[in-house]
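Visitor: I have a structure here, written as structure tokens, and I will follow up with some questions on it.
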Amino acid sequence: MPYAPNEKLMLRVLIVEDDPMMQLGLEQSLMAHPDLEIVGQAEDGYLGVQAALQLKPDVVVMDIGLPRLDGIAATQQIKAALPATHVVMLTSHQTETEIIAALSSGADAYCIKGASVERLLNAIAAAVDGAAYLDPQIARRVIDNLKPPSPTNNNANLSARELEVLKLMVDGLSNPEIAQKLYLSPNTVKTHVRGIMNKLAVDDRVQAAVVALRSGLV
């Protein structure tokens, strides 16, 4: 579902990107949406952490390959200090190790450079809504490169409906989008999400997505 502006919510965005042209392009693209406000920019991971601590943005759009402090380490520091701040990785790095490391560091979404602006906006929207988002062009690669699931306890005792919901969570859909897709009420979806996280012994949706990908649940 395309990102829909919400007049009641102005999201404050920090851009951490070392390529000046990419930085400018991101600023212009995101500023075109009235519900997004660019509050700062930084060209390396160290400055990105400092800017985040000072500005306390709602969203950080973060590259991985940054000078001085890489985006994964910067994300760890930002999430440790500002757990309510959402981090959206926007990078050209596409290896399984980097993707899993980024998600494990606390990143809420992973988007590939060169993707459409709409896809980045969807990633931001999903992250803010509490959904895990993986760029479609890397999600399948991650799944294909992971070890196959164990023949025993390979579904973590998830019901068929919970597995459906988990797959859509991994695809980056928000609770309302999952509800619409499966013809369920939002409250029912919330119940399923809580049940999934309890059964997978995780604390949030991103961790649930990482476990699902690692174990071959989806």
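Just so it is clear, none of the values below were taken in a lab; they were calculated from the coordinates. On a predicted model such as this, the values are computed, not experimentally measured, just so you know. Using ideal geometry, Cβ is built from the backbone for each residue, glycine included, and neighbour counts are taken over all protein chains shown.
Visitor: Can you tell me the length gained on complete extension of the stretch M21 to Q50, counting 0.36 nm per residue apart and subtracting the Cα distance?
Guide: Once the chain is fully extended between M21 and Q50, it gains 8.2 nm.
Visitor: In addition: How many Lys pairs in the chain lie less than 26 angstrom apart by Cα atoms, where the lysines are 8 or more positions apart or on different chains?
Guide: Counting lysine pairs in the chain gives 19.
Visitor: Would you calculate, for the chain, the mean residue ellipticity at 222 nm contributed by helices, counting each DSSP H stretch of 4 or more residues as -39,500 (n - 2.57) and dividing by all residues, to the nearest 500?
Guide: That calculation yields -15500 deg cm²/dmol at 222 nm.
Visitor: Nearest 10 degrees is fine. How inclined is helix 20-31 to the longest principal axis of the chain, computing both from alpha carbons?
Guide: That works out to roughly 70 degrees.
Visitor: Given charges of +1 on the Cβ of Lys and Arg and -1 on the Cβ of Asp and Glu, with all other atoms neutral, how large is the dipole of region 11-142 about its Cα centre, in debye to the nearest 20?
Guide: 260 debye
Visitor: If each Cα of region 11-142 is one equal point scatterer, what is log10 of I(q)/I(0) from the Debye formula at q = 0.11 Å⁻¹?
Guide: -0.31
Visitor: Separate question: State the three equivalent ellipsoid semi-axes of region 151-215, derived from the C-alpha gyration tensor as the square roots of 5 times its eigenvalues, in descending order and whole Å. Numbers along the way, then the final one.
Guide: Details: eigenvalues 71, 28, 23 Å².
Computed over region 151-215, the values are 19, 12, 11 Å.
Visitor: Still on this structure, please answer the following. What does the charge add up to near V49, with Lys and Arg as +1, Asp and Glu as -1, over the other residues with Cβ less than 15 Å from its Cβ? Could you put the intermediate results ahead of the total?
Guide: On the way: positive: K56, R68, K79; negative: E17, D18, E43, D44, D63, D70.
Its environment carries a net charge of -3.
Visitor: Taking the Cβ of Y133 as the centre, find all other residues whose Cβ is under 14 Å away and add up their charges (Lys, Arg: +1; Asp, Glu: -1).
Guide: Cβ neighbours under 14 Å give a net charge of -4.
Visitor: Pick out, from L121, P67, P186, the residue whose Cα sits farthest towards the positive end of the charge dipole of the chain, with +1 on the Cβ of Lys and Arg and -1 on the Cβ of Asp and Glu.
Guide: Result: P186.
Visitor: Once each part is reduced to its C-alpha centroid, what is the distance from region 182-218 to region 92-114 in angstrom?
Guide: 19 Å
Visitor: Whole-Hz Karplus ³J(HN,Hα) for region 167-174, in order, using 6.51 cos²θ - 1.76 cosθ + 1.60 and θ = phi - 60°, x for Gly and Pro?
Guide: 4, 5, 4, 5, 6, x, 6, 7
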